[in-house]
Amino acid sequence: MTQQTPRSRLTALEAAWVIARRDFVAVLFSRAFLFFLLGPLFPVIVGGLAGSIGGEVQREAVSIEVGLAMSSDDTAAMVAAAEGLAPQLGQSLPALRPVPEAAGNPDFDARAFMEARRGNYAAIVTGTLEAPTLVGTEGQIARWQGPVSLVAGHALAAEPTAFPSVLPDPVAISAASERTTRIQTAQIAQMLLFLLTMLLAGMVLSNLVEEKGNKIIEILAAAIPMDAVFMGKLFAMLAVSFVGIAVWGLAAFGLWSAGGDAITQVTGFDPANLPAPAVGWPLFVALGIVYFAMAYLLLGALFLTIGSMATSVREVQTLSMPVTMLQLMVFFLAAYTIKQPGSALEMAAIAFPLSSPFAMLARAAMEPEVWTHAVALGWQALAVLLLVKGGSLLFRKRVMKSGGAGRDKKRRGRLTA
Amino acid sequence: MDMAVSNHETAGNLGTGWTAQPADARPLAIEARGLVKSFDGTRAVDGVDISVPEGAIYGILGPNGAGKTTTLRMLLGIIDPDEGVRRVFGHDRPHDIGRLIGYLPEERGLYPAMKCVEAIAFMGALRGLPLKEGRRRGAELLERHGLGHAADRQIRQLSKGMAQTVQLLGTLVHQPRLVVLDEPFSGLDAINQGKLELMIRALAEDGVTVIFSTHVIHHAERLCEGVAIIAGGKVPYAGSVEAARDRIPAQVRLETRAREGAWLSFLPPDTRRNGDFLHFPLPESGIEPLLKGLIEGEAGILSLSIERAGLHDAFVAIAGEAAARQLAADNEGAGA
């Protein structure tokens, strides 16, 4: 009897690496990858067009307001100066609005007013024309300090030779209001995660269908364990996605560097104003990458199982439709639970593997605890392994059969009875 | 020579005329006992026993849909049997010795965009051969088989026969000790079939065990030391080619001047006429009594030849007998 030699087989990792290496290179140099890269461009273009049209229509309605809490004379002078400058400077100036609550109220506290997030002001100007003070978040102060000084200078003299310096008075947002604003960060992160995973899972599915079309799958299944094939394919596509994300990231960085102000102007969205997540930006970005990988691996493993059982592209579409709908539902579930931290529904979203990465990413934006992420990641990794194992078992049980060649005794019995 | 093959229901199924031969001294490359596999309530393979000694060329014969591919897939660990055991070079899990095995599936498949040499290297890498070495060996193999000019061509640019050769070379690039080929001759023209036969012989001369399935019997007859005939998921015969041929009586071909006469009573009842010739199995009593009868009956013998049965005849008889027996068993079961 022949003894097993030390190198008579590839380890599961080596086998997965052989598959991953081939798939990575093949996908990277395929037309499909080009379309994958261009994929996000379409929503950006559509969003940009819609944004610019909407922006034109609603420019007045959405213009940024800076409140005035000064004496009535100073307030009137500031408004008049702003109106005088508007034809030349347009949107570079904020809309200056007197704060009604401050009128005739010597005890008006602009800091408390901002911290309570009352009104809809980006910042509030207090003090006098000679020594104005700007109350607001650091970001807003940095943005409006210059324009306020300009307006105050013109309010003091028709043709000013000097402009008063504006005193900053930064406010810290209250815990309650901070939570509210972090929801925005959580929602945006979830949306990004969802779009990316759907894009990628579709790619891994079409890759496997193509492989079945090429009839190479049996060669792979004969040479190495099927779970290694699945793992290799999943990680190859994950690596492809990281290349894609790097390209998109660079493109976005380039675009932002070239015309960040214009983009902010047109879309009304300034990432600088995005509230910091509870775990801090560096950890949040790191968790975002890991949760993206997990969400993709979970959905990809599911799609691989479906793809391996389907015999045609049409069958894949039919089979994958319920999974896509399920994925949409879990996304909505995770999105819905953002506003219900600690609820049974949120726990369910965290426990269910497919929605877990979405729910946990939102949690990273809202809650500062880190240990929960370690637990969730462990659970998600286990779910990936189980899905891959289950998928490969199903493949071996249900796919590798040579049609109805054998004898169906029951059927024959009926026919001859 | 002996294939050391037995079927667990051989004695019951085959009746007289065949007994399992003593075991070969060579170690077994493949040993399978009682393999059973069902798909959706359908028994594709129903208790297959196969033993193949190392270095043999072995044929799995059977009509389309007999269970050949399913049997090979179980032997290779692509699918697991519902019942029974299989061992490849003594290992229960064929994937554990993946480097020793080369497999060409019935449905040929390669990545269309891959270059030939890369495709061969990739197939070697699946079996543990480093890519660099795979490329070197791939180029060498392509050169040796007259495809050196196509080394850097994409698979999609090749003819079907060339692509099939590339895949076969990919099956061999890691120098396996066991090569399993599922219907390797299908889709090849006569010249390429001849080349493939030469390749198989060369492998066996190097000590490689080759197992191939086919429903075209003459390839097996020319190449194999032993065969297993699969019909309806069972193995009604497994043994040497010679023993299979011996199971069928020799065929007599007779040409006579007279068409009618008393001499006809000396011929067996299953005699067939084909033009001027009469065909019938050689009677158990031998040729002498027959000759005497023909001469005394004034048949006027123009020619008489006795031909040993071919593997094809044996295959048709054995597979047909197995199918008839199965049908009878099924009917009996349905009646009960």
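The values are calculated or read from the model by the stated rules, or taken from the named source; none is laboratory data. Not measured: the values here are computed from a predicted model. All Cβ positions, even for glycine, are placed from backbone atoms using ideal geometry, and neighbour counts span all protein chains on display.
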**Item:** Meets criteria (within 11 Å of chain A (Cβ to nearest Cβ), of a type outside the set (D, E) and not in a strand (DSSP E or B)) for B:G134
**Value:** yes
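What about B:L14, is it in the same structural domain as B:E197 (by TED's automatic domain parsing) and at pLDDT 50 or above?
Against the criterion (in the same structural domain as B:E197 (by TED's automatic domain parsing) and at pLDDT 50 or above), B:L14 does not qualify.
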**Item:** Counted residues, the stretch B:179-196 - those being in a helix (DSSP H, G or I) and closer than 25 Å to B:A29 by Cβ
**Value:** 3
**Item:** Top-ranked residue of the stretch B:34-73 - restricted to ones that are part of a helix (DSSP H, G or I) and charged (D, E, K, R), ranked as farthest from the other protein chains (Cβ to nearest Cβ)
**Value:** B:K68
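Let's see how each residue does on (1) among the aliphatic types (A, V, I, L, M); (2) under 18 Å from the mean Cα position of the chain (by Cα); (3) away from chain B (no Cβ under 14 Å):
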site	(1), (2), (3)
A:I188	yes, yes, yes
A:V204	yes, no, yes
A:V209	yes, no, no
A:E218	no, no, no
A:A222	yes, no, no
A:G232	no, no, no
A:V243	yes, yes, yes
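Condition check ((1) touching a Phe, Trp or Tyr at 6+ places or on another chain (Cβ under 7 Å); (2) buried (at least 20 other Cβ atoms within 10 Å of the Cβ); (3) touching a residue at least 60 places away in the same chain (Cβ under 8 Å)) across all residues:
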| residue | (1), (2), (3) |
| --- | --- |
| B:A204 | no, no, yes |
| B:G207 | no, no, yes |
| B:F212 | no, yes, yes |
| B:V216 | yes, no, no |
| B:G226 | yes, yes, yes |
| B:I229 | yes, yes, yes |
| B:K234 | no, yes, yes |
| B:A238 | no, yes, yes |
| B:V241 | no, yes, yes |
**Asked** Inside the stretch B:104-123, can you point out the residues that are basic (K, R) and within 29 Å of the chain's Cα centre (by Cα)?
**Response** B:R108
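Based on what the data block shows, is A:A142 at pLDDT 80 or above, in a helix (DSSP H, G or I) and over 19 Å from A:A69 (Cβ atoms)?
When the stated conditions are applied, A:A142 passes them.
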**Asked** Does the stretch B:218-234 hold any residues that are within 14 Å of chain A (Cβ to nearest Cβ) and either outside any loop (DSSP other than H, G, I, E, B) or hydrophobic (A, V, I, L, M, F, W, C) (or both), and which are they?
**Response** B:I230, B:A231, B:K234
**Message:** Condition (residue is under 17 Å from A:M78 (Cα atoms) and in contact with a Gly (Cβ under 6 Å, 6 or more places away or on another chain)) applied to the stretch A:98-118: is it met by at least one residue?
**Reply:** yes
**Fill in**
Of the residues in the stretch A:1-18 that are more than 8 Å from every other protein chain (Cβ to nearest Cβ) and part of a helix (DSSP H, G or I), the one that is modelled with the lowest pLDDT is A:A12
**Message:** Of everything in the stretch B:74-118, what is part of a helix (DSSP H, G or I) and within 7 Å of chain A (Cβ to nearest Cβ)? Give them in sequence order.
**Reply:** B:L76, B:H95, B:D96, B:I97, B:G98, B:R99, B:L100
**Item:** Within the stretch A:337-346, tally of residues that are at pLDDT 85 or above and surrounded by fewer than 14 Cβ atoms within 10 Å (Cβ to Cβ)
**Value:** 1
